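> Shown below is the structure under consideration.
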Amino acid sequence: MLINTFNTAVTNTASEILGKHLPIKKPWVTADLFDLCDKRRELMKKKKKDAEGVRQYRAANQEIKKGMKKAKMNWMEGQCQDIEDNMKKNNSKKTYQLVKDLTSTKQGRTTTIQDKDGKCLTEEQDILKRWSEYCSELYNYRATGDPEVLNVPPATDNDNYPILREEVEAAVRSLKKGKSTGADNVPAELVQAGGEAMISALLTICNKIWQTGEWPTPWTQSLIITLPKKGNLQLCHNYRTISLISHPSKVMLKILLNRLKPQAEKIIAEEQAGFRPGRSTTEQIFNLRTLCEKYLQHQQDLYHIFIDFKKAFDRVWHAALWATMRQFNINANLIRMIQNLYDKAQRSPP
C-alpha cells in the first residue's frame, strides 16, 4: 500500500540519520559536573580500602552538591533572562512555554473511571473499554432534523482540477512545529525537512486520494488524549477529548481547506468574525462595547444572549451539512472528500 510504504520510508530514514533523542531530566548539569561524578565513581573503590579514600569521596560528594546548586541557579537565571528577552520581543508563545517549563508540575491523574452505572473501574482493560464506549457514543452521535432539508439537487464538479505541486508546498510550509504526532508517529518537522522527495511523494498520494475519493486508512486514524476539566475526574464527560491526527494527512486537509475557503467566504454572513482570515473576536468585542455605550447613552435596555452548545462540533447533523454544501454549490468532489473522511474516521481511545 502506497501510504504504508511512505510511512516506513520516512520513519526508517529518520531513525537511521537522526536517531532518538531522550529528554534531559536535569538540563542544568554541565560537562564539569559529569566529570566530577566520574571522579566520585572512581573514589568509591578507594572508599572501601582506607580512611583517606573515605575523606576524598566525601569531599568529592560535597563538591558535586555545591556544583549542582550553583549550576541550577545559573540555569534558572538564564531561563529568566530568556523570558525577559522574549517578552521584550513580544514573543508570547515562547514566553509562556518557558514559564510553563519552569513552574508547571505534573497533575495527578485518577487511576479509576466510573462506568455508566457509577461503578468504579480499576483494571486497565476495563478502563480502556469504558473510554472506547464513551468515545464511540460521543463521535458516533446521530443527529436528526427536518428531512426536507436534505432534498437538495446534486452539486457539480466545477473547477475539478488535480492538486498542484504549489498547493502541496504551501500546505507543508504551513504545518505547525512542536505538535504531538498521530498514530503514524511522523512529526511535522520530518515532513518539512523532506525536501523535494517529500513534496513529490505527498503530491502523488494527495492526487490519488483526490481522484478516487478514498482516504488511506492510516490517514483516517487518530489517537485520543484526554485533558481533565472541572468536576469529578472519575466521570468521562469531565475530560476534554483531543484527537491527534497524522501530520502528513494535514497536508491534504489544508489543501481541501484552501480550496473550500474562497467558496465559503461568499456564503458566510458579514457579521461572522470567527474562523475567518483577517477577522477576530476583537472586532466583535468592539461592536458589543459600542452597542453597550450607545444604549447606556440613551438609557435603553440591551439584552445579550450567549449560547454555548454542549459538544457542538461532535453533534453536528452531518447529512444536513452535506446538503447545505450542495445547496451553495460547493464543488462536488470537495463534498465527497470531506464526507468520506468523516464516514471512515477511526479513533483509538486514550
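> Let me check against my output: what whole-number percent is the relative contact order of the chain, with C-alpha pairs under 8 Å and at least 6 apart?
On the way: 313 pairs, mean separation 76.5, N = 350.
It comes to 22 percent, rounded to a whole number.
> Then there is this: Before anything else, pin down the relative contact order of the stretch 22-103: Cα pairs under 8 Å, at least 6 apart, normalised by residue count, whole percent. It would help to have the intermediate numbers written out before the result.
Details: 44 pairs, mean separation 20.6, N = 82.
Across the stretch 22-103, relative contact order equals 25 percent.
> May I pose another question? Hey, in the GNM for the chain with a 10 angstrom Cα cutoff, which one of I245, I83, I225 fluctuates hardest?
Fluctuation is largest for I83.
> Let me ask you something else. Å³ per residue of the Cα convex hull, for the stretch 22-103? Walk me through the intermediate numbers first.
Details: hull volume 8.2 nm³, N = 82.
Residue-normalised Cα hull volume stands at 100 Å³.
> A further question on this structure: Among DSSP beta bridges whose residues both lie in the chain, state the antiparallel percentage, nearest 5. Mind showing how you got there, number by number?
Working: 9 of 12 bridges.
Counting only bridges with both partners in the chain, antiparallel ones make up about 75 percent.
> With no solvent and one equal point scatterer per Cα, compute the Debye intensity ratio I(q)/I(0) for the stretch 252-335 at 0.13 Å⁻¹ and report its log10, rounded to two decimals.
For the stretch 252-335, the Cα-only Debye profile gives -0.65.
> Arrange the peptides 276-283, 326-333 so that the one whose residues have, on average, the most other Cβ atoms within 10 Å appears first.
On the way: 276-283: 10.4, 326-333: 16.6.
Packing proxy ranking, top to bottom: 326-333, 276-283.
> Which value at 222 nm does the chain reach when only helices count, each DSSP H run of 4 or more adding -39,500 (n - 2.57), with the total divided by all residues and rounded to the nearest 500 deg cm²/dmol? Kindly include the intermediate steps, with their values, before the conclusion.
Numbers: 12 runs with 191 residues, N = 350.
The helix-only estimate for the chain comes to -18000 deg cm²/dmol at 222 nm.
> How large is ³J(HN,Hα), in whole Hz, for each residue of the stretch 70-75 in order, when computed from phi with the Karplus curve 6.51 cos²θ - 1.76 cosθ + 1.60 and θ = phi - 60°, using x for Gly and Pro?
Residue by residue, the stretch 70-75 yields 5, 5, 5, 5, 5, 5 Hz.
> Place +1 on the Cβ of every Lys and Arg and -1 on the Cβ of every Asp and Glu in the stretch 124-348, take the dipole about the Cα centre, and give the residue among Y295, T281, C236 whose Cα lies farthest towards its positive end.
Positive-end residue among those listed: C236.
> Which of A14, A323, A312 moves the most in a Gaussian network model of the chain with Cα springs under 10 Å?
Comparing A14, A323, A312 in the GNM, the peak value goes to A312.
> Cα atoms only: what Rg and Dmax, in Å, come out for the stretch 124-348?
Taking only Cα atoms of the stretch 124-348, I get Rg and Dmax of 21.0, 67 Å.
> Something else: Please sort 203-211, 263-271 by packing, taking for each peptide the average over its residues of neighbouring beta carbons within 10 angstrom, highest first. Could you put the intermediate results ahead of the total?
Details: 203-211: 17.9, 263-271: 10.4.
Packing proxy ranking, top to bottom: 203-211, 263-271.
> Sequence gap at least 6, Cα distance under 8 Å: using those rules, report the relative contact order of the stretch 1-69 to the nearest whole percent. Walk me through the numbers before you get to the answer.
Values: 25 pairs, mean separation 18.3, N = 69.
With pairs under 8 Å counted, the relative contact order is 26 percent.
> Let me ask another. So what's the gap between the Cα centers of the stretch 37-73 and the stretch 120-162, to the nearest angstrom?
Comparing the Cα centres of the stretch 37-73 and the stretch 120-162, I get a distance of 62 Å.
> What are the ³J(HN,Hα) values, in whole Hz, obtained from phi via the Karplus relation 6.51 cos²θ - 1.76 cosθ + 1.60 with θ = phi - 60°, for each residue of the stretch 171-179 in sequence order, with x given for Gly and Pro?
Working through the residues one at a time gives 5, 5, 4, 7, 5, 8, 7, x, 9 Hz.
> Could you give the alpha-carbon Rg of the stretch 282-330 over 2.2 N^0.38 Å, rounded to two decimals?
Working: Rg = 17.8 Å, N = 49, 2.2 N^0.38 = 9.7 Å.
The stretch 282-330 yields a ratio of 1.85.
> Still on this structure, please answer the following. So what does log10 I(q)/I(0) come out to for the stretch 1-70 at q = 0.18, 0.19 Å⁻¹, using the Debye formula with one equal point on every Cα and no solvent?
Computed log10 I(q)/I(0) values: -0.76, -0.80.
Read-outs: derived from the displayed coordinates by stated rules, not from any lab. All figures in this text were calculated on a predicted structure; none of them were measured in a lab. Don't worry about glycine lacking a Cβ; one is built from the backbone with ideal geometry, like all the others, and counts go over all protein chains shown.
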